[in-house]
Amino acid sequence: MARGFGGIALVCSFPADKRSRPTARTSAGARAKASAPFDPFQAELTTMPVAQPVKATKTLEQYQITMRPGTADILAGQPTPILGYDGRFPGPTIHATRGREVQVTQSNQAGRNLVVHLHGGVTEHASDGHPMDIVGAGTQRVYRYANVQRGATLWYHDHSHGEVAQTLYAGLAGFYIVNDPYEDALELPRGEYDVPLMIQDRSFNADGSFRYQLDLDMGFHGDTILVNGAIAPRMKVERRLYRLRLLNASNARVYGLVLGDRRETLQIAADGGLLPRPVKRTLIPLNPAERIDVVVDFRQFGAGTEVILHNPSGEATTQAVMRFDVVKGGAEEAQVPKLLSELETLPPVNAARKFVLSFQSAGTAMWQINGQGYDMNRIDCRPRLGTTELWTFVNNSPHPHPMHLHLAHFLIRSVDGRPPGPADASWKDVVAVQPGSTVVVRPYFDYYTGVFPFHCHTAEHGDNNMMGQMEVEE
Ligand SMILES: [Cu+2]
């Protein structure tokens, strides 16, 4: 039987040519011949620990997290060494509330310099996790998050310059969810029916450790899909509505997620929080660092149905993402309203800028923006606080680049001259720029002045200098 997920009676079916046995060249393929630890749907989905504040008042919650080595139980009886927040992989989930400050004391017991970036956070410079703003080995740092922004699915991860491909891969990633009283009033699925799903690819050595191979060009692509740290797991779901917060925390892999035999899901949120209206989706594209929240109505399936979330564009061993095992459910109380949020009125466009994305192969091979690699002493642009701008990304390279701005969320204005589809017509902080493509976005520089980076979120590209800096000024 194929070590993909052929041969199982499913809601969905897959083309026969995708069912081939993985080659022995891959770690998963080699190991799968002896045993089946890499077969999908063997493990239960892990519920990640929720971080508990060490102190909480009405206006402030304080957390204490230690970045340290640990082990993860991914392969039975063979612990995988990881580097994690509190030694966990994935790290603990922080639940923040809009308008209530969070302070996280990050203690670095990892034996190497690290930086914590809250991805998607509207964060002051001092707590942004600028890639050169190191928390030295053996020291600690208090990160302050004011949570001024709308409810949204954020995540925190390491951002030490030049090393993200290794530190993120080693396990330094966790969810940070901003809850919003406005959103709570909408009666969307919540509690155990609101499920964060961190999707990553990995490869393994024979001893159970993660295997990493640098690929400067494509970025790392593993042969095994993990969700919340478990290999293509299964999850019991009741016949009711679920909110799935999908995060691509992979170094470089792009997913195109499909539920069962192309069942409809309702996308309700993107990187920056709720969409204006829900959008029906049968294919959910997920680029590195992007978040998409969907509501799935499992009432369309009978109890006993197994529904696979899969990635048809993957290789044989990277198609199965996870499986939902439908069981009977109680009365449904959640619903998805037709109107979810309103986009605020924006200040006018104050400047237009162009960023050409390319690869330099002469001399030191590196990825560049406007013909330059990252230089911490260079400021590439100076947006004014309280304004919007038009940023044009032109991709002159053969690979996609998921471009990310710290601090400023943006609206996508056009992709190759065409307006974005409804799922992309709200606040984003990552946009994939395809080879040969031109994407125009409109960032809003709000709340904070200071120096913030913008970069490609393919970890190997950002590490290898595909990064610039803006200084937001009064
Ligand atoms: Cu890139």
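To the nearest 0.05, what FRET efficiency results for A331 and E101 with a Förster distance of 35 Å applied to their C-beta separation? The formula returns an efficiency of 0.40 here.
Residue separation of K236 and K280 scaled by 0.36 nm, minus their Cα-Cα distance, works out to 13.5 nm of gained length.
The L216 and T59 beta-carbon pair, evaluated with R₀ = 41 Å, returns a calculated FRET efficiency of approximately 0.35.
For G462, neighbours were defined as the other residues whose beta-carbon sits under 12 Å from its Cβ, and their charges (Lys and Arg +1, Asp and Glu -1) total -4.
Counting only residues 5 or more places away or on other chains, whose amide H sits under 5 Å from the amide H of A43 once H atoms are built in the peptide plane? Counting only residues 5 or more places away or on other chains, the set is R234. Accessible surface for S313 stands near 90 Å², nearest 10, in the context of the full protein assembly shown (1.4 Å probe). By the equivalent-ellipsoid construction on the alpha carbon gyration tensor, the stretch 187-327 comes out with semi-axes of 26, 18, 13 Å, ordered largest to smallest.
Could you work out what % of the accessible surface of the chain is carbon and sulfur, using a 1.4 angstrom probe and leaving DNA, RNA and ligands out of the count? Spell out each step's value before the answer.
Details: 8840 of 18120 Å².
Of the solvent-accessible surface of the chain, carbon and sulfur hold 49 percent.
What the phi angles of the stretch 430-440 give under the Karplus curve with 6.51, -1.76 and 1.60, with θ = phi - 60°, is a coupling list of 9, 9, 7, 9, 6, x, x, 9, 10, 10, 10 Hz, glycine and proline written as x. For the set R262, R382, solvent exposure ranked by accessible area (probe 1.4 Å, protein chains only) runs largest to smallest as R262, R382. Accessible surface area normalised per residue over the chain is 38 Å², counting heavy atoms of protein chains with a 1.4 Å rolling probe. If you take all other residues with their beta carbon under 13 Å from the beta carbon of P69, and give Lys and Arg +1 and Asp and Glu -1, the sum is +2.
Solvent-accessible area of H161, all protein chains in place: 50 Å² (probe radius 1.4 Å, heavy atoms, ligands and nucleic acids excluded).
Modelled spin labels at C381 and S414, positioned 7 Å past Cα toward Cβ, are 1.6 nm from each other. Accessible surface ranking for T392, T364, T224, 1.4 angstrom probe, highest first: T364, T392, T224. Averaging Cα coordinates gives a centre for the stretch 442-474 and one for the stretch 246-324; these two points are 28 Å apart. Distant-in-sequence amide contacts of A230, defined by a placed amide H-H separation under 5 Å and a gap of 5 or more residues or a different chain, comprise T46. Sequence-ordered 3J(HN,Hα) estimates for the stretch 245-259 from the Karplus curve with 6.51, -1.76 and 1.60 and θ = phi - 60° stand at 9, 8, 10, 8, 9, 7, 4, 9, 5, 9, 10, x, 8, 10, 9 Hz, glycine and proline given as x.
The values are calculated or read from the model by the stated rules, or taken from the named source; none is laboratory data. From a predicted model like this one, the values you see are computed outputs, not experimental measurements. Here Cβ is always computed from backbone atoms with ideal geometry, including for glycine, and neighbour counts include all displayed protein chains. For the accessible areas, the whole protein counts, side chains as well, though only heavy atoms, and no ligand, DNA or RNA atoms are used. Shrake-Rupley method; radii C 1.70, N 1.55, O 1.52, S 1.80 Å.
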